[in-house]
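The values are calculated or read from the model by the stated rules, or taken from the named source; none is laboratory data. In this text the structure is predicted, and so the values were computed from the model without any measurement. Cβ coordinates were reconstructed from backbone atoms using ideal geometry, including for glycine residues, and neighbour counts include every protein chain displayed.
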Amino acid sequence: MLLVDKLNKGKLPEKPDKGDSAPLPDLSSLVVKPQNIAARIPNVDAIKRTIHERLIAALGQNSDTVSSDVIQRRIAELTDEYCDEAKLKLTKHDRAELAELILHDVLGLGPLESLLEDPEVSEIMVNGPKTIFTERRGRIGQSELVFENERELRKVIDRIVARIGRRVDESSPMVDARLPDGSRVNIVIPPLAVQGSSITIRKFSRVPYKVQDLVNFGTLNHDMANFIRACVRSRISMVVSGGTGSGKTTTLNVLSNFIPDTERVVTVEDTAELQLRQRNLVTLEARSANVEGRGAIAIRDLVVNALRMRPDRIVVGECRAAETLDMLQAMNTGHDGSMTTVHANSPKDAINRIETMVIMGGSDLPFQAIREQIVGGITLLVQQARLRDGRRVVTHISEITGINGNQIQLQDICLFDQTGIDEEGNVLGAFRWTGVVPKLLPRLKANGEDFATDVFGQSGLQVIEGQTGRAGGDAAQGATAD
């Protein structure tokens with residue numbers, strides 16, 4: 001437990017004093033961020049370095065075997081001693097905050113710790129030791145937090161990769177990793193990162209999102225969620241597509257939890273991120289090569305192995321290369337209801353990308369055979385996008401209806417119509433059904449999911465925040481993927 005957490009156990013009076021208009025905040029709201037401490041305390045970096053050196057001297061050669069509780073207590077003692085020697089007039093809370101900063105440098109991730117603890121921060125981008133950006137509620141801004149120098153930044157990087165047994169050095173300057181809470185990390189160091197080491201952390205909710213959360217966020221509405229739930233429970237194979245940062249993995253995670261608990265699920269990911277709650281679940285993660293360049297296990301190898309594990313469904317975190325063909329074959333060989341994600345700007349582009357990735361994998365299959373595999377394996381496409389105001393929205397729910405000649409037939413079932421931008425920069429728009437009745441409805445009924453057909457005749461089912469009108473427009477026409 002951190003020092004500030006211990007302090008937070010002390011309760012402040014809940015009732016305000018006479019004349020006050022608001023109750024006193026608890027200690028958690030009084031925690032001063034590192035940049036504010038630096039503004040009040042001259043040479044805070046030098047102070048931290050001095051206390052850190054005293055800590056190393058105090059622990060001696062047994063520093064590797066000392067527990068974190070002992071280190072935390074010793075840092076607090078050394079901080080008090082230094083403040084008394086230097087005659088620093090700091091409150092008890094300020095001393096605790098300073099001690100916590102040193103603890104983050106010694107055992108944690110330095111200035112990144114406070115950002116990781118901030119629930120409003122969804123992404124952290126470190127562009128060298130002196131530049132840190134964060135994403136809060138979909139909007140990106142620069143943080144005042146910085147690393148002291150490149151050496152301190154590299155220490156944090158080493159701590160991140162050491163936890164999962166990976167490495168990053170000049171011979172292997174790029175690595176994908178994850179934090180203990182499941183957050184995804186990408187690291188690039190010099191000489192590839194010219195301005196200093198780069199860290200990109202995509203945080204995931206500590207409590208996995210449920211479909212109601214996506215509805216509350218405006219990602220989709222209740223009717224869309226019910227339709228997709230019926231498709232998942234009816235073993236309709238689907239692909240979630242979208243651009244980088246559009247929320248594909250979050251949506252895939254929510255959709256995967258519609259899978260009945262009676263089925264055996266095998267997930268395959270480059271870096272384990274999905275948070276499924278099924279009891280009969282196997283999670284597989286790809287592995288990079290070791291120092292000798294051996295031992296690499298690619299996603300394709302894991303997908304092939306997953307077929308031997310008696311799965312009812314296979315969920316691949318993202319198809320980006322040769323594993324696409326193996327995923328299609330799994331969908332076509334008794335693993336209905338399997339799911340994956342791809343990077344694409346539209347449902348039509350998603351189909352084209354899948355076809356291209358199969359070819360990139362070295363397959364000698366003719367185009368017609370690849371397209372028949374796509375039509376036979378994938379039924380539903382859920383397209384997601386990150387809007388200008390930072391919100392993630394399902395823009396298309398589309399159905400693959402068949403193949404005509406050498407063209408895959410695609411029809412839109414539900415769309416998001418953007419109608420404008422308000423004065424505050426929020427996107428205006430609404431979801432609407434196109435009026436097209438999906439051809440997969442008989443499959444839903446056969447599996448006990450009798451979804452009402454009159455829903456597909458509605459338009460403007462849910463109004464996005466800021467939108468006062470209803471979206472109009474003609475029903476979407478079936479598109480073709482060349």
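A few remarks follow.
- Matching option when the condition is outside any loop (DSSP other than H, G, I, E, B) and free of Cβ contacts under 8 Å to residues at least 12 places away in the same chain, among Asn216, Asn226: Asn216
- Residue tally, condition part of a helix (DSSP H, G or I), among the aliphatic types (A, V, I, L, M) and at pLDDT below 90, over the stretch 421-469: 1
- Annotation: of all residues in the stretch 335-351 being in contact with a Leu (Cβ under 8 Å, 6 or more places away or on another chain) and assigned to a helix (DSSP H, G or I), the one that is surrounded by the fewest Cβ atoms within 10 Å (Cβ to Cβ) is Lys348.
- Scanning the stretch 361-368 finds no residues that are crowded, with 21+ Cβ neighbours inside 10 Å and either under 24 Å from Thr244 (Cβ atoms) or in contact with a helix residue (DSSP H, G or I) (Cβ under 9 Å, 6 or more places away or on another chain) (or both).
- Total residues in the stretch 250-266, condition part of a loop (DSSP other than H, G, I, E, B), out of contact with any Gly (no Cβ under 9 Å at 6 or more places or on another chain) and under 14 Å from Ile236 (Cβ atoms): 2
Yes or no, residue by residue, for (1) aliphatic (A, V, I, L, M); (2) over 24 Å from Arg371 (Cβ atoms):
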| position | (1), (2) |
| --- | --- |
| Thr401 | no, no |
| Ile408 | yes, no |
| Leu415 | yes, yes |
| Glu424 | no, yes |
| Lys439 | no, no |
| Leu444 | yes, yes |
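- Conditions (1) crowded, with 23+ Cβ neighbours inside 10 Å; (2) within 27 Å of Asn404 (Cβ to Cβ); (3) in contact (Cβ under 8 Å) with a residue 40 or more places away in the chain; number of the one not met by Val358: (3)
- Only one of the listed residues (Lys48, Lys33) is modelled with pLDDT under 60 and in the same structural domain as Leu103 (by TED's automatic domain parsing). That residue is Lys33.
- In the stretch 198-216, residue nearest to the chain's Cα centre (by Cα) [restricted to those that are at pLDDT 90 or above, surrounded by fewer than 19 Cβ atoms within 10 Å (Cβ to Cβ) and of a type outside the set (D, E, K, R)]: Thr200
- Residue in the stretch 352-371 that is within 23 Å of the chain's Cα centre (by Cα) and assigned to a loop (DSSP other than H, G, I, E, B) present: no
- Unique residue being modelled with pLDDT of 90 or more, more than 20 Å from Ser256 (Cα to Cα) and assigned by TED's automatic domain parsing to the domain that holds Ser241 when the list is Asn305, Asn290: Asn305
- Annotation note: Cβ proximity below 6 Å between a residue of the stretch 112-140 that is closer than 21 Å to Glu100 by Cβ and a residue that is assigned to a strand (DSSP E or B) and charged (D, E, K, R) (sequence gap 6+ or interchain) occurs for Glu120/Arg136; Val121/Arg136.
- Leu192 vs. criteria in contact (Cβ under 8 Å) with a residue 12 or more places away in the chain, in the same structural domain as Thr340 (by TED's automatic domain parsing) and either surrounded by fewer than 21 Cβ atoms within 10 Å (Cβ to Cβ) or part of a loop (DSSP other than H, G, I, E, B) (or both): no
- Total residues in the stretch 143-161 satisfying the condition of being of a type outside the set (A, V, I, L, M) and under 23 Å from the mean Cα position of the chain (by Cα): the figure is 3.
- Residue in the stretch 308-322 that is within 26 Å of the chain's Cα centre (by Cα), surrounded by fewer than 20 Cβ atoms within 10 Å (Cβ to Cβ), outside the structural domain of Ile187 (by TED's automatic domain parsing) and under 23 Å from Cys231 (Cα atoms) present: yes
- Checking each residue in the stretch 234-255 for being in contact with a strand residue (DSSP E or B) (Cβ under 6 Å, 6 or more places away or on another chain) and buried (at least 21 other Cβ atoms within 10 Å of the Cβ) picks out Ile236, Met238, Val239, Val240, Ser241, Gly242, Ser246, Gly247, Lys248, Thr251, Leu252.
- Subset of the stretch 390-420 (residues that are under 26 Å from Gly376 (Cβ atoms), assigned to a strand (DSSP E or B) and of a type in the set (S, T, N, Q)): Thr395, Ser398, Thr401, Asn404, Gln407, Gln409, Gln411
- Output for the stretch 263-297, where each listed residue is over 16 Å from Thr340 (Cα atoms), small (Gly, Ala, Ser) and surrounded by 15 or more Cβ atoms within 10 Å (Cβ to Cβ): Ser288
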